[in-house]
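Q: I'd like to ask you about the structure that follows.
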Amino acid sequence: MKAKNGIGRIALATGAPVIPIANWGTQDLLPPGSGRPRLFPRRRVTVVAGPPVDLAQWLGGRRTRTALDGATAAIMADVTKLVAQARGEAPPAEPFDPAAGPALPEGERPAS
């Protein structure tokens, strides 16, 4: 999913390293909309951490919208790789952008 650039803003303002972390399986343990966890049968939850994201090209420069978006995209690219690794599947070519509207099935065009 396309992220908002707050994480990029914080990372560039503080210079703190960003360690990408992804998890998969929590949706089976606590399904969306459910108030009760499903403990039985046992569920597998995978948590993966990666190396710090290299944000050197954006550090020290002006914090423009382009810089913030670039740093955020770099962070999210690393998180996406980790989620794909945890899921055992290839990630989508482009992140989902909620602002772009609902995704349509392949070959279908939006109504005019």
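Please treat every number below as a calculation from the coordinates, not as lab data. If you're wondering where the values come from, they're calculated on a predicted model, not measured in any experiment. So basically every Cβ, Gly included, is an ideal-geometry build from the backbone, and we count neighbours across all protein chains shown.
Q: Using Cα springs under 10 Å in a Gaussian network model of the chain, which residue among 74, 86, 16 shows the largest mean-square fluctuation?
A: The residue with the greatest mean-square fluctuation here is 16.
Q: Using modelled amide H (1.01 Å from N, peptide plane; none on Pro or chain starts), what sits under 5 Å from the amide H of residue 18, excluding residues fewer than 5 places away?
A: So residue 18 has HN proximity to 53.
Q: Let a ≥ b ≥ c be the square roots of the eigenvalues of the Cα gyration tensor of the chain; is it rounded (a/c under 1.5), or, if not, prolate (a/b larger than b/c) or oblate?
A: oblate
Q: Loop sites only, by DSSP: take the trypsin sites (Lys or Arg not before Pro) in the chain that have at most 16 other C-beta atoms within 10 Å and name the longest stretch containing none of them.
A: 64-112
Q: Also, quick follow-up: Using amide H atoms built in the peptide plane, which far-off residues or other-chain residues are under 5 Å from residue 58 H to H?
A: It is none; the list stays empty.
Q: Residue 16 to residue 57: FRET efficiency via 1/(1 + (r/R0)^6), r the Cβ-Cβ distance, R0 25 Å, to the nearest 0.05?
A: So the FRET efficiency works out to roughly 0.90.
Q: Moving on to the next point. Please work out how much length the chain gains when fully extended from residue 73 to residue 97, using 0.36 nm per residue of separation minus the C-alpha to C-alpha distance, in nm with one decimal.
A: Computed gain between residue 73 and residue 97 is 7.4 nm.
Q: Under 10 Å, Cα contacts only: if you run a Gaussian network model on the chain, which one of 41, 31, 52 comes out with the highest mean-square fluctuation?
A: Comparing 41, 31, 52 in a Gaussian network model of the chain, the most mobile one is 41.
Q: Additional query: Roughly what angle does helix 65-87 make with the longest principal axis of the chain, taking Cα atoms, 0 to 90 degrees, to the nearest 10?
A: 30 degrees
Q: With label points built 7 Å along Cα→Cβ from the Cα atoms of residue 23 and residue 85, find their separation and express it in nm.
A: 1.8 nm
Q: Same structure again: Anyone know which of 49, 93, 84 comes out most mobile in the 10 Å Cα GNM of the chain?
A: The residue with the greatest mean-square fluctuation here is 93.
Q: Still on this structure, please answer the following. Which part of the stretch 71-98 falls in the paramagnetic zone of residue 9, meaning amide N under 16 Å from the point 7 Å along Cα-to-beta-carbon?
A: 71-73
Q: Over the stretch 6-88, calculate the relative contact order: mean separation of alpha carbon pairs under 8 Å at least 6 apart, over the residue count, as a percent.
A: Answer for the stretch 6-88 is 43 percent.
Q: For residue 43 and residue 2, what is the calculated FRET efficiency with R₀ set at 41 Å and r taken between the beta-carbons, to the nearest 0.05?
A: 0.90
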